[in-house]
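Visitor: Here you go, one structure.
The values are calculated or read from the model by the stated rules, or taken from the named source; none is laboratory data. On a predicted model such as this, the values are computed, not experimentally measured, just so you know. Every residue, glycine among them, receives a Cβ derived from its backbone with ideal geometry; neighbour counts consider all protein chains shown. Surface accessibility is based on the protein's heavy atoms, side chains included, excluding ligands, DNA and RNA. Shrake-Rupley method; radii C 1.70, N 1.55, O 1.52, S 1.80 Å.
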Amino acid sequence: MLKRTVDTGLSERKNNFDFLRFLAATLVIFSHSWPLTQGTNSHEPLEVLTGKQLDFGALAVYIFFIISGFLIAMSFDRTQSLGRFAKARFLRIAPALVMVVVFLAAIVGPIDTTLTQSAYWSSFPFLGFVADHLPGVFVHNPYSGAVDGSLWTIKFEVLCYALVALMGVLKLLTNRWVLAVFLLCSMTPWAGEYSAGLLPYFAVGMFFYGFRRVVPIRGTFAIAAALVLVAAFVTHHVGLVLPFSLAYLVLWFAFTPSIPLQNFARYGDWSYGLYIWAFPVQQQWMQAFPELSPITLFLLSLPTTWVLSVLSWNLIEKRALALKGKILLSGGHSSRVA
């Protein structure tokens, strides 16, 4: 019997990436429920469990970047066209992002601001809104002033896309030695400073794509990766271990046929909408009901944000993706390279 590898999973055109992204987006909402109700993250469950080494929000973002590194490297490798690659990336990220920013700035901001309308618009930061704040909005919430705190990762995602494009143009994207060196460089303090610690997770996703033909998908290896990760948390040496162990667990989950979630997104890929809409939805709930507990906020925010993400997918994201002419499939019929 042939050994199952990551490449085997890709060749079968079925995977669980859509579910993993949905799970990660949900974990972000869950994790943010603590600072948004208490003003601090110190009581977030995973933060407490790991002795402040990791929280669910950071874990979710790392999962996003691992998946993105793997799939975006595959996207350029399969298209071999800078123009098509750039168009695909723009159409996946920009339309929904522009919509949420415009909606928050032009509708939520004027309604929720504590300032007069003239004062709001005269002090509006315009391009600076990506820095997260709108004049006088959510200033009395426990997590004061933040409007959409999840958007900070977008610029690093785009930076990673640019790095993939550069490596692709230079014909370095499938060179295993280059990918290994790039991964090691991404773990230096300098790289961490300029990528907020996210680059290693994107780079390890690229690394595993480059080594896809030799990386086995086995339950015993997944258990070993999980045990190594637990040991790293216990000994407080998680920094170097987390990218590799987490990446392997993500790929094992994605390409294990016995986990039957390959058709999870058959009605739509809601993860991006959940991610960009959840924070302002949670802040809106907190403004209306300041005494909410973290769990109550999560239970209220998840279905509310899900409705917005469904609308975002059907009215904006799906239509934008159709403009690519041909949607590149990362796996089954619903698994798009995102």
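Visitor: Test of the criteria: in the range 47-87, which trypsin sites (Lys or Arg not before Pro) are in a DSSP loop and have at most 14 other Cβ atoms within 10 angstrom of their Cβ?
Guide: Answer in residue order: LYS52.
Visitor: Give me the angle, in degrees from 0 to 90, between the Cα long axis of helix 154-169 and the longest principal axis of the Cα atoms of the chain, rounded to the nearest 10.
Guide: 30
Visitor: Output the relative contact order of the chain, whole-number percent, from Cα pairs under 8 angstrom with separation of 6+ residues.
Guide: About 33 percent, as a whole number.
Visitor: If one computes the Cα centroid of the range 92-128 and of the range 211-237, what distance in Å separates the two points?
Guide: Rounded to whole Å, the Cα centres lie 44 Å apart.
Visitor: Looking only at GLU47, GLU12, GLU157, which one moves most when the chain is put into a Gaussian network model with springs between Cα atoms under 10 Å?
Guide: GLU12
Visitor: Looking at the range 109-201, which chymotrypsin sites (Phe, Trp or Tyr not before Pro) are DSSP coil and have at most 12 other C-beta atoms within 10 Å of their C-beta?
Guide: Of the chymotrypsin sites (Phe, Trp or Tyr not before Pro), not one in the loops of the range 109-201 has a Cβ with at most 12 other Cβ atoms within 10 Å.
Visitor: Moving on to the next point. Once every Cα of the range 140-279 carries one equal point scatterer and solvent is ignored, give the base-10 log of I(q)/I(0) from the Debye formula at q = 0.12, 0.19, 0.20, 0.21 Å⁻¹, two decimals.
Guide: Values, matching the q order: -0.66, -1.33, -1.36, -1.37.
Visitor: Tell me, what are the semi-axes, in whole angstrom and largest first, of the equivalent ellipsoid of the range 89-197 as set by the roots of 5 times the Cα gyration tensor eigenvalues?
Guide: For the range 89-197, the semi-axes come out at 38, 16, 9 Å.
Visitor: Mind giving me the FRET efficiency for GLU291 and ILE154? R0 is 45 Å, r the Cβ-Cβ distance, nearest 0.05 is fine.
Guide: Computed FRET efficiency for GLU291 and ILE154 comes out at 0.90.
Visitor: Taking the 0 to 90 degree range and rounding to the nearest ten, how far is the long axis of helix 17-38 tilted relative to the main principal axis of the chain, both from C-alpha atoms?
Guide: 40
Visitor: Within the accessible area of the chain, what % is carbon and sulfur when the probe is 1.4 Å and the other protein chains stay in place?
Guide: 71
Visitor: If one takes the longest principal axis of the Cα atoms in the chain, at what angle in degrees, from 0 to 90 and to the nearest 10, does the Cα axis of helix 199-210 lie?
Guide: With both axes taken from Cα atoms, the answer is about 30 degrees.
Visitor: Please give the length that would be gained between TRP190 and VAL228 if that part of the chain were fully extended, namely 0.36 nm times their separation in residues minus their C-alpha to C-alpha distance (nm, one decimal).
Guide: Between TRP190 and VAL228, full extension yields an extra 11.1 nm.
Visitor: If you keep only loop residues by DSSP, which chymotrypsin sites (Phe, Trp or Tyr not before Pro) in the range 259-302 have at most 14 other Cβ atoms within 10 Å of their Cβ? Numbers along the way, then the final one.
Guide: On the way: sites: PHE264, TYR267, TRP270, TYR272, TYR275, TRP277, TRP285, PHE298; in loops: PHE264, TYR267, TRP270.
Hits after loop and neighbour filter: TYR267.
Visitor: For VAL102 and ARG4, FRET efficiency with R0 = 56 Å and r from the beta-carbon atoms, rounded to 0.05?
Guide: 0.75
Visitor: Same structure again: Once R0 is set to 30 Å, what does the formula 1/(1 + (r/R0)^6) return for the Cβ-Cβ distance between PHE211 and ASN263, expressed as a FRET efficiency to the nearest 0.05?
Guide: E between PHE211 and ASN263, to the nearest 0.05, is 0.60.
Visitor: How much area per residue is accessible in the chain when the probe is 1.4 Å and only protein heavy atoms are counted (Å²)?
Guide: Values: 15420 Å² over 338 residues.
Heavy-atom accessible area per residue stands at 46 Å².
Visitor: Here's another thing I want to ask about it. With Cα Rg over 2.2 N^0.38 Å defined as stated, name the option among [x] 0.93; [y] 1.07; [z] 1.01 computed from the structure displayed.
Guide: Label [z] holds the value from this structure.
Visitor: Pulled fully out, how much extra length does the chain show between GLN53 and LYS318, if you take 0.36 nm times their separation in residues and subtract their Cα-Cα distance?
Guide: Numbers: separation 265, 0.36 × 265 = 95.40 nm, distance 3.73 nm.
Between GLN53 and LYS318, full extension yields an extra 91.7 nm.
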